[in-house]
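Chemist: Quick one: this structure, given as structure tokens, is what I'll be asking you about.
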Amino acid sequence: MNYRDELEAGRDAFGHLIKVWHERNGWSQRVLPALSERLGLGRVHNSQLSNLRNRKLVSPGPELFVVLGRLNHFLATQAAAGISADLQQQISDQPELLAALQASALPLLGDDGLPLGPAQLFEIFVGLRHLPGAFDLRIAAAEAPGLSAAVAELFTAGRPWRLCREQLLAAYPAEKRQRRERFAEVMAGQRDFSADELDAELADLRRTLAVLGAADEQELSADQFLELLRQKARLLEQPGLQGDGANLAEAIRQQLQAG
């Protein structure tokens, strides 16, 4: 891999890291900028975080890594001791920020269990360091169709789409028409999510489960949800569950006999 490929892979990995960090904590992109400003640790903007997540920020300044590293160390201290009374008092005039941190303040930890600092974050961004194993959840293109089938099977509980449509669309939180149509098509078995689409959908799919009352977001983490889908995809690939012509004919005969 040449240095340009390393840089590209690093930006991709770092964007994924920031995305998973927010999803696991259930944070909006306003949390880290507001916290860094209130604590006087430096400035990071919503737009920077958005561009990092979308792999569009090619050459961020060093201050960004310093701020994120300092914030991460701060959160690691808070996670170990719980949100302190001093911090609660310090951000008491920002109830949304306080509620977000009280709900979840998980830091970015390396494979050694230590919080990632500015240097480690920069090394990930430029491709000199691999993601910690717990955050390397990226979905391969080859597994996207199987995972899409697993999502549809899970969310419909194996029932026909027409019987679940209204309830699932009411629970699905995305508002953009294109995303809602794509979700419906995947649930109906008319198309698959691409790897990038599914990676971007994981947070809203977990929220859908929460709205349905099937699993709380805090009960089922992003990595646990993805692993559940992977297990279900492997199960669907087992012989007799693939929907080939012979098995389909036999299943129809059984239905006719049952009727």
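Chemist: What translational diffusion coefficient, to the nearest whole µm²/s, does region 127-180 have by Stokes-Einstein, given a Kirkwood radius computed over alpha-carbon pairs, a temperature of 25 °C and 0.890 mPa s viscosity?
Modeler: Details: Rh = 14.0 Å.
My calculation gives 175 µm²/s for D.
Chemist: Any idea what the dipole of region 135-231 comes to, in debye rounded to 20, about its Cα centre with Lys/Arg Cβ at +1 and Asp/Glu Cβ at -1? Intermediate values should be presented prior to the final figure.
Modeler: Details: 13 positive and 18 negative charges, 103 e Å.
In debye, rounded to 20, region 135-231 gives about 500.
Chemist: Would you kindly calculate the mean projected area, averaged across all directions, of the convex hull enclosing the Cα atoms of region 74-176, in square nanometres? Display every interim value, and only then the final one.
Modeler: Working: hull surface 44.3 nm².
Convex hull of Cα atoms, orientation-averaged projection: 11.1 nm².
Chemist: Under 18 Å from the Cα of Lys176, which lysines turn up, not counting those fewer than eight places away in the same chain?
Modeler: none
Chemist: Over the chain, give the accessible area per residue in Å² for a 1.4 Å probe, as an integer.
Modeler: 55 Å²
Chemist: Let me ask you something else. Using alpha carbons only, how many degrees (0 to 90, rounded to 10) separate the axis of helix 144-156 from the longest principal axis of the chain?
Modeler: Approximately 70 degrees, to the nearest ten.
Chemist: List the lysines whose Cα sits under 16 Å from the Cα of Lys56, skipping any in the same chain fewer than 8 residues away.
Modeler: Lys19
Chemist: Sticking with this one: For region 65-76, take each phi angle, set θ = phi - 60°, evaluate the Karplus expression 6.51 cos²θ - 1.76 cosθ + 1.60, and give the result in whole Hz per residue in order, putting x for glycine and proline.
Modeler: Along region 65-76, the couplings run 5, 5, 5, 5, x, 5, 4, 5, 5, 4, 5, 5 Hz.
Chemist: Based on Cβ point charges of +1 for Lys and Arg and -1 for Asp and Glu, what charge dipole magnitude is obtained for region 1-125 about its Cα centre, in debye rounded to the nearest 20? Before the final figure, lay out the partial values.
Modeler: Working: 11 positive and 13 negative charges, 66 e Å.
Around 320 debye, computed over region 1-125.
Chemist: Give the average over all directions of the projected area of the C-alpha convex hull of the chain, one decimal, in nm². Spell out each step's value before the answer.
Modeler: Values: hull surface 68.3 nm².
Here the figure is 17.1 nm², rounded to one decimal.
Chemist: What shape does region 1-107 have by the C-alpha gyration tensor, where a ≥ b ≥ c are the square roots of the eigenvalues, rounded means a/c under 1.5, and otherwise prolate means a/b greater than b/c and oblate the rest? All intermediate terms of the calculation are to be shown ahead of the outcome.
Modeler: Numbers: a/c = 2.23, a/b = 2.07, b/c = 1.08.
It is prolate, given that a/c is not under 1.5 and a/b is the larger ratio.
Chemist: Could you check how much of the accessible area of the chain is carbon and sulfur, as a whole percent, using a 1.4 Å probe?
Modeler: Values: 7030 of 14330 Å².
Exposed carbon and sulfur together represent 49 percent of the surface.
Chemist: What is the Cα radius of gyration of region 103-230 over 2.2 N^0.38 Å, N being its residue count?
Modeler: Values: Rg = 16.7 Å, N = 128, 2.2 N^0.38 = 13.9 Å.
Its radius of gyration relative to the 2.2 N^0.38 Å reference: 1.20.
The values are calculated or read from the model by the stated rules, or taken from the named source; none is laboratory data. If you're wondering where the values come from, they're calculated on a predicted model, not measured in any experiment. Glycine also receives a Cβ, built like all others from the backbone with ideal geometry; neighbour counts cover every protein chain displayed. The accessibility values were calculated without ligands, DNA or RNA, using every heavy atom of the protein model including side chains. Shrake-Rupley method; radii C 1.70, N 1.55, O 1.52, S 1.80 Å.
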